[in-house]
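Notes follow once the structure below has been shown.
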Amino acid sequence: MMRRALIAVLCGVSLLTAGPSATAETGPRDESLDFRFPAADLMRIPETNTYVAVGASVPGKKLPYTKVEFSGGTFQRRGAVDGDAWDGVTFPAGYWARPDSPLWTPALFAHQEDGRVVYYVFYSAALPGSEPAGQAKHCIGYATSLRATGGFVANADPLFCPDRGWAIDADVSRGQGEVWLTLRNGAWTQDRVTALGAAKLDFDRSRHVRRIPEADAKKLIDNANLEWTHHNSPSDDVLTIENPNAVRIDGDWYLFYSGNNWYANRYSTGVAYCGTALTDNRCTPMAEQRAYFSYEPDPEGEPRFRPGLPDKFRKKNLPGNKRGPGAFNAFQAPDGSWWASWNYITDASPLPQEDPSPERQSRIGRLTKTGSGATAEFSVSW
């Protein structure tokens, strides 16, 4: 979930970036109109062409947001942060997390209740304790508001918090007449292998979601046999898959997820086919043993652009070919077209051995699917 990347920006890494050369960049190489925060999640304000993008905490803003408009068949690109949706948040007595905890991979969701729209933000935060926030156990909680960009009231109890391990990387989607939460559940980590899963959300009363029992979370995929997620991973770290995003397209469920080490050029995006019902079967990785979207190394470029996954572990890249593409999140525009957001390591960030906390920003592109089922093909265009 870009957790240590978040630590980097909270320690004051610059939010302004430069390209690899002195000349001005244009098109998808240009980073100036990208979201100035990692892990962007976009939600449509109901019955409008306005979307709100929220992201993980950055210096001075716990829940940064940027509004973008869909017009003329495309999304406006804006490099400004419009504000902090966490300003003035209300914490109830006995709040489960640290009130000052940074928020990881938030997901904004609009839900119709009693003739009105209630906005939910789902997030990961640190439990109370003496450890630094970045090292403390994290669980998933939520807050609600009648506005998408402020006035949130946090729920007193966590939504999902396993007895063993962390729970992070919440995302929310609709399908099969239900609302689903996808997550990375640390209770499933075994022998360094990590796993992702999903659970139905039960909106049992106004501005409230029933707490999810551990048994209700169903495992969708693990990375025991996903070699690209293991490549060059340090032996003292887990083998990482994270940031699950489940979407139902043309009657089929697909799972986008991140893999490998968040701080490295080799961090990439995978896609899995989950069938017509999200939790009835395990999801099957597509593209065999290759990351679906990854960075294509530049062997003739500056040193920081040379490393990456080898050819045998890569299928295709994304517009701009930025390093370490992850936190891929698919969503629909008002005209029914599909789009995606993802984050990346900025061109100005050095190699991890020079700075273990690279800066990440987020961007959006048009997502296209051809074919169907497990043999469908995805591509992203600028």
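Looking only at the stretch 227-247, count every residue that is in a loop (DSSP other than H, G, I, E, B) and closer than 23 Å to residue 105 by Cα and tell me the total. Selection size over the stretch 227-247: 4. Restricting 331, 293, 313, 305 to those that are within 26 Å of residue 71 (Cα to Cα) and either open to solvent by 20 Å² or more (accessible area, probe 1.4 Å) or not acidic (Asp, Glu) (or both) reduces the list to 331. Screening residue 295 against (1) free of Cβ contacts under 8 Å to residues at least 12 places away in the same chain; (2) more than 30 Å from residue 47 (Cα to Cα) leaves a single unmet condition, (1).
Of all residues in the stretch 150-174, those being in contact with a strand residue (DSSP E or B) (Cβ under 7 Å, 6 or more places away or on another chain), open to solvent by less than 10 Å² (accessible area, probe 1.4 Å) and at positive phi number 1. Among the conditions (1) free of Cβ contacts under 8 Å to residues at least 40 places away in the same chain; (2) over 18 Å from residue 310 (Cα atoms); (3) touching a strand residue (DSSP E or B) at 6+ places or on another chain (Cβ under 8 Å), residue 256 misses just one, which is (1). One residue alone among 107, 133, 143, 125 is closer than 17 Å to residue 209 by Cβ, surrounded by 15 or more Cβ atoms within 10 Å (Cβ to Cβ) and free of Cβ contacts under 8 Å to residues at least 40 places away in the same chain, and that residue is 125.
Within the stretch 121-180, the set of residues being closer than 19 Å to residue 243 by Cα and among the β-branched types (Val, Ile, Thr) comprises 121, 140, 168, 172, 179. Put simply, of 41, 34, 87, 82 the only residue that is modelled with pLDDT of 95 or more, closer than 23 Å to residue 110 by Cβ and touching a Lys or Arg at 6+ places or on another chain (Cβ under 7 Å) is 82. Look at residue 281 and say whether it is within 20 Å of residue 250 (Cα to Cα), open to solvent by 50 Å² or more (accessible area, probe 1.4 Å) and either modelled with pLDDT under 95 or of a type outside the set (Ser, Thr, Tyr) (or both). Considered against the rule, which asks whether it is within 20 Å of residue 250 (Cα to Cα), open to solvent by 50 Å² or more (accessible area, probe 1.4 Å) and either modelled with pLDDT under 95 or of a type outside the set (Ser, Thr, Tyr) (or both), residue 281 comes out as yes.
Report those strands (runs of 3 or more DSSP E) wholly inside the stretch 18-122 carrying at least 2 residues which are more than 30 Å from residue 320 (Cα to Cα). Can you show your working first?
On the way: elements: 41-44, 50-54, 64-71, 104-113.
The qualifying strands (runs of 3 or more DSSP E) are 104-113.
With respect to the conditions (1) touching a Lys or Arg at 6+ places or on another chain (Cβ under 8 Å); (2) open to solvent by less than 60 Å² (accessible area, probe 1.4 Å), residue 178 falls short on a single one, namely (2). Residue 215 is checked against (1) open to solvent by 20 Å² or more (accessible area, probe 1.4 Å); (2) within 22 Å of the chain's Cα centre (by Cα); (3) over 25 Å from residue 310 (Cα atoms) and fails just one. What number does that condition carry? Here residue 215 meets the rest and fails (2).
Per this entry, residue 378 is not counted among residues that are of a type outside the set (D, E, K, R), at pLDDT 95 or above and closer than 16 Å to residue 264 by Cα.
Taking the numbered list (1) modelled with pLDDT under 95; (2) surrounded by 14 or more Cβ atoms within 10 Å (Cβ to Cβ); (3) on the phi < 0 side of the Ramachandran plot in turn, residue 287 passes all entries but (3). Out of 156, 170, 143, one residue alone is under 16 Å from residue 94 (Cα atoms), assigned to a strand (DSSP E or B), modelled with pLDDT of 95 or more and not acidic (Asp, Glu). It is 143.
The values are calculated or read from the model by the stated rules, or taken from the named source; none is laboratory data. What you see is a predicted model, and the numbers here were worked out from it, not measured in a lab. Glycine gets a Cβ as well: all are built from the backbone with ideal geometry, and neighbour counts include every protein chain shown. Just the protein is used for accessible areas: all its heavy atoms, side chains included, with ligands, DNA and RNA removed. Shrake-Rupley method; radii C 1.70, N 1.55, O 1.52, S 1.80 Å.
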